[in-house]
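Right, one structure below, let's go through it.
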């Protein structure tokens, strides 16, 4: 790998850390578990649901966007995972694994952890399942 590529990789890892990894004080204490953002979009926040789901360094909450009854997006929330490893999870496309699925289908989906970031990706998978289980039970 040449020097510019190394610098770009380091910068991307640092930027990912700034975007998705915050300190413990950046995680909201009690955000609502479920909220409507429009007539057709529901958001589930797993901060409370996944409070005991630990990645490598701490909790790894996500927001699950459900549009017209199907997952449209999974977004990571601030966490304390190692930025480089967490960026591997983001780059892997793991967060889009549930797109287009109903909560029940998504909950039953078999998803593999990301090699090299196993603890972080496993925690994300478990958070998504917890959020989808919550949604499925609410309907």
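The values are calculated or read from the model by the stated rules, or taken from the named source; none is laboratory data. Just so we're clear, the structure is a prediction, and the values are computed from it rather than from any experiment. Here the Cβ is made from the backbone with ideal geometry for all residues, glycine too, and neighbour counts use every protein chain on show.
Being closer than 14 Å to residue 124 by Cα, surrounded by fewer than 20 Cβ atoms within 10 Å (Cβ to Cβ) and touching a residue at least 24 places away in the same chain (Cβ under 8 Å) narrows it down to one of 80, 89, so name that one. So that I can check it myself, show each step before the final result.
Details: 89 fails: surrounded by fewer than 20 Cβ atoms within 10 Å (Cβ to Cβ).
Exactly one residue qualifies, and that residue is 80.
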Is it true that residue 75 is within 14 Å of the chain's Cα centre (by Cα) and within 22 Å of residue 39 (Cβ to Cβ)?
yes
Here is a list: 21, 12. Which entry is under 13 Å from the mean Cα position of the chain (by Cα) and modelled with pLDDT under 90?
21
Take the range 57-76 and flag every residue that is surrounded by fewer than 18 Cβ atoms within 10 Å (Cβ to Cβ) and under 14 Å from residue 122 (Cα atoms).
57, 58
Residues that are in contact (Cβ under 8 Å) with a residue 40 or more places away in the chain, closer than 13 Å to residue 63 by Cα and in contact with a helix residue (DSSP H, G or I) (Cβ under 8 Å, 6 or more places away or on another chain), drawn from the range 93-138
124, 128, 132, 135
